[in-house]
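**Q** Pasting in a structure now, in structure tokens, and then I'll have a few things to ask.
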Amino acid sequence: MNKNKFMNFIRYHFDNLMSKGTIAPLILLIVSSFIFLFILSIIIMFFDGMPTTHINGLDSSKNINIFDKFYVTFLRMLDPGVVSADTSERKFSLFMIIATLFGLVMVSTLIAIINNGVISKINNLRKGKSQVIESNHTVILGWSFQVFPVISELIIANENQKKGCIVILADKDKVEMEDEIRTKVGNTKNTKIVCRTGNPIDIHDLSIVNLNESRSIIIIAPDTDDPDSNVIKTILAITNNPHRKPEPEKYHIVAEIRDPKNIVIAEIAGKDEVQLVVFDYLISRITAQTCRQPGLSVVFTELLDFSGDEIYFQAEPRLAGKTFVESMFSYETSTIIGVRKRDGKLLLKPNFDMILEHDDKLIAISEDDDTIKMSGLTDFKIDNTAIQEMPVKEEMLPESTLVIGWNRRASLIINELDNYVAPGSKITLVSENIEAEKELSISCGNLNNQTVTFWYGDTTNRRILDDLNATTYNHIIVLSNTDMTDVQATDARTLRTLLHLRDIADTKGHNFSIVSEMLDDRNRELAEVTNTDDFIVSVKLDSLMLSQISENKELKLIFEEIFSAGGRSIYICPAEQYIELNKAVNFYTVMEAARKQGQIAIGVKLQSILPKYETDQMLAHGVIVNPIKSRNIFFTDGDKIIILADDESLNI
């Protein structure tokens with residue numbers, strides 16, 4: 001019993017020693033080897049087993065002591081070939097053979113320990129647990145399909161930097177993340193991508209990505225049943241970390257929230273360090289506006305991505321003392337839409353007569369921040385003869401909208417549409433989700449301008465679509481079924497519905513105003529064959545918003561106003577309300593026509609993409625944002641002007 005206890009004691013402590021990594025067994029091997037050497041050397045000395053002549057490795061003319069015996073034995077342990085050179089007596093050879101055999105075991109064990117240590121280190125590197133030594137980098141916390149468009153946009157944003165870096169921390173294998181990024185993002189140009197494996201809500205794992213020296217932090221909602229809880233926990237893990245930035249320094253956190261009900265708790269967790277992008281609000285507002293103004297999502301995408309024209313802040317001391325309207329006409333390749341006052345207040349479409357102060361910054365739409373340059377042109381001509389008189393404001397008529405499909409944003413879209421349509425308007429929603437009718441009665445029970453009718457049916461069933469008599473509706477919205485976890489299957493279902501609608505339009509000779517939601521931007525290109533007026537690529541738009549705000553948090557206030565009803569919003573209006581048709585005019589003339597109606601012209605939407613205008617700036621659906629002002633545009637019937645305006649100045 002005592003013997004068993006002793007053996008268990010030895011085994012327990014030996015196991016603990018072995019579990020400490022490579023160093024512990026290595027030290028144990030070295031110590032045991034020297035103990036063996038010492039014991040064997042004493043035995044040889046005791047038996048006088050070492051002759052004084054013909055010993056390889058020793059000078060036989062000297063007296064041999066214990067250290068010489070130790071040295072000779074050590075040589076035989078390291079190199080078995082030394083034994084063959086010995087011409088000594090049998091007793092000495094026996095001791096050396098024992099030393100050689102032990103040496104073989106020792107060297108083999110040493111190789112095994114080193115090999116195991118190297119493999120273990122490689123595995124640890126593969127797990128992505130090493131510390132990130134970067135500064136001024138962007139950190140992405142979390143993983144979903146959305147991470148790829150975010151990375152793509154940040155790569156474009158980093159093109160004017162020498163050493164851009166994106167660090168990703170997610171509860172996913174490091175190598176798998178790197179492979180997916182390499183496949184779906186491709187060339188990262190001058191931006192370094194660093195992936196680390198860890199849980200974003202774990203304080204220890206967060207320390208790996210060096211948050212304290214990062215430029216911005218983007219928190220992506222994971223593809224789980226309750227993504228917002230993970231986002232809120234991650235915010236708390238950052239802001240309440242005992243090793244966080246010392247006050248008064250603040251983090252620049254941009255977090256995605258899916259459910260609007262979680263906004264308040266997320267703001268409490270992040271305080272003044274977090275900028276929230278509410279996914280459902282963003283997409284529902286864009287969908288509501290776009291369904292009534294096809295092509296508007298192209299404008300929004302252009303302003304949100306980094307590859308075309310974006311919104312920048314630019315100081316121009318030479319305009320101090322000038323009016324805002326004078327600043328508008330001072331730029332050839334940029335469009336001025338507002339002012340950031342020196343106290344931080346943002347003014348979109350301010351009073352045209354407002355005097356600019358020395359520390360004010362202009363809010364401009366431009367290709368890049370270094371392209372916002374005063375043109376110095378003083379000889380541009382405004383064709384006042386082509387400017388139309390302000391039209392009489394027309395009374396809005398009731399509209400009918402057909403919503404095909406259901407997701408959690410459907411009720412938000414309907415509520416948002418209520419802010420734009422005239423009283424007496426109607427909405428019909430068709431879905432095979434049996435919970436949709438109940439949700440509509442709860443969430444859309446207080447509409448002021450619309451009534452809602454629910455139809456139960458399969459939205460990909462041609463008979464259902466025929467019975468709906470789709471040609472009687474002013475607008476059609478096709479929603480993606482986000483309850484399906486497979487993005488490609490969801491988009492394929494949406495595409496089938498769009499193909500049915502196109503066939504109905506061809507059969508009855510009717511052109512629908514259709515806006516469809518897609519999840520994968522690559523499928524939008526496939527859906528172009530359906531002649532849909534506009535597409536809302538919801539994941540991409542949300543990713544663009546996250547990327548833009550991560551670069552400049554003040555942009556959030558601008559986008560919130562643009563996407564909200566009742567504020568300064570973007571509208572697409574008929575060109576004949578501003579300019580005489582069939583007449584070539586420059587964009588300065590268009591800007592002046594819009595200014596006389598209290599609006600800012602920011603672009604055009606041309607009905608035809610024939611070469612009546614140089615197409616180097618043309619986007620989808622004939623949209624051109626921030627056109628070069630001196631170029632002539634020949635407006636014809638169906639062409640439109642893209643403006644920034646408030647409700648009071650619109651002819652609706």
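**Q** Mind listing the phi-derived Karplus ³J(HN,Hα) values for the stretch 421-427, rounded to whole Hz, using 6.51, -1.76 and 1.60 with θ = phi - 60°, and x for any glycine or proline?
**A** Those phi angles translate into 8, 7, x, x, 6, 10, 10 Hz.
**Q** Sticking with this one: How about LYS583: which aspartates and glutamates have a C-alpha closer than 19 Å to its C-alpha, ignoring those fewer than 8 places off in the same chain?
**A** The qualifying aspartates and glutamates are ASP383, GLU389, GLU592, GLU614, ASP637, ASP639.
**Q** Which longest run of the chain has no exposed loop site in it, a site being GluC sites (Glu not before Pro) in a DSSP loop with at most 13 other beta carbons within 10 Å, and the site itself not part of the run?
**A** 436-613
**Q** Past 24 Å, Cα to Cα: identify those pairs from LYS250/LYS553; LYS245/LYS271; LYS261/LYS426, in the order given.
**A** Checking Cα-Cα distances, LYS261/LYS426 exceed 24 Å.
**Q** So, R0 is 56 Å and r is the distance between the beta-carbons of ASN240 and PHE46; what FRET efficiency does that work out to, to 0.05?
**A** Values: r = 68 Å, r/R0 = 1.22.
That gives a FRET efficiency of 0.25.
**Q** Would you mind checking the tilt of helix 279-292 against the longest principal axis of the Cα atoms of the chain, expressed as 0 to 90 degrees and rounded to 10?
**A** 30
**Q** Tell me, in nm to one decimal, what length is gained between GLU554 and LYS381 on full extension, where the rule is 0.36 nm per residue of separation less the Cα-Cα distance?
**A** Additional length available on full extension: 58.8 nm.
**Q** Which label marks the calculated value of semi-axes √(5λ) of the Cα gyration tensor in Å, given the options [x] 50, 27, 21; [y] 44, 33, 23; [z] 72, 30, 22?
**A** So the calculated entry is the one marked [z].
**Q** Given R₀ = 22 Å, FRET efficiency for ILE268-ASN415 by Cβ-Cβ distance, to 0.05?
**A** On the way: r = 25 Å, r/R0 = 1.13.
Here the calculated transfer efficiency is 0.30.
**Q** Another one. At 7 Å along the Cα-to-beta-carbon direction for both ASN190 and THR371, put a label point, then send me their distance in nm to one decimal.
**A** 1.8
**Q** For the Cα atoms of the chain, what angle does the longest principal axis make with the long axis of helix 23-46, in degrees from 0 to 90, nearest 10?
**A** 10
**Q** Which values of log₁₀ I(q)/I(0), to two decimal places, follow from the Debye formula for the stretch 311-366 at q = 0.13, 0.15, 0.18 Å⁻¹ with a uniform point scatterer at every Cα?
**A** -0.24, -0.32, -0.47
**Q** Still on this structure, I have one more. What does the C-alpha gyration tensor say about the overall shape of the stretch 138-251? Classify as rounded when a/c is under 1.5, otherwise prolate if a/b is larger than b/c, or oblate.
**A** Because a/c hits 1.5 or more and a/b fails to exceed b/c, the stretch 138-251 counts as oblate.
**Q** Compute the distance in nm between two label points, each set 7 Å from the Cα along the Cα-to-Cβ direction, one at ARG11 and one at SER307.
**A** 6.4
**Q** What angle, in degrees between 0 and 90 and rounded to the nearest 10, separates the Cα long axis of helix 147-157 from the longest principal axis of the Cα atoms of the chain?
**A** 80
**Q** Can you compute the modelled spin-label distance between VAL392 and ASN582, with each label point 7 Å from Cα toward Cβ, in nm?
**A** 2.5
**Q** Within the stretch 215-282, report the trypsin sites (Lys or Arg not before Pro) that DSSP leaves as loop and that have at most 13 other Cβ atoms within 10 Å. Don't skip to the answer; put the middle values down first.
**A** Details: sites: ARG215, LYS233, ARG244, LYS250, ARG258, LYS261, LYS271; in loops: ARG215, ARG244, LYS250, ARG258.
When the trypsin sites (Lys or Arg not before Pro) of the stretch 215-282 are filtered for loop state and at most 13 Cβ neighbours within 10 Å, LYS250 remain.
**Q** Give, as ranges by residue number, the residues of the stretch 357-371 whose backbone N falls under 16 Å from the point 7 Å along Cα→Cβ of ALA320.
**A** 357-362
**Q** Among ASN158, ILE39, ILE268, whose Cα lies farthest out toward the positive end of the dipole of the chain, if unit charges sit on the beta carbon of Lys, Arg (+1) and Asp, Glu (-1)?
**A** ILE39
**Q** A further question on this structure: Under a cut-off of 22 Å between alpha-carbon atoms, report the lysines in cross-link reach of LYS121, not counting same-chain residues fewer than 8 places apart.
**A** Cα-Cα hits under 22 Å: LYS20, LYS129, LYS172, LYS174.
**Q** Can you work out the base-10 log of I(q)/I(0) for the stretch 436-576 at q = 0.09, 0.15, 0.21 1/Å, using the Debye formula on its C-alpha atoms alone?
**A** -0.37, -1.01, -1.38
Coordinate-derived values only; no laboratory data. Predicted model only: the values in this text are computed from it and were never measured. Methodologically, a virtual Cβ is constructed for each residue, glycine included, from the backbone with ideal geometry; neighbour enumeration extends over all protein chains shown.
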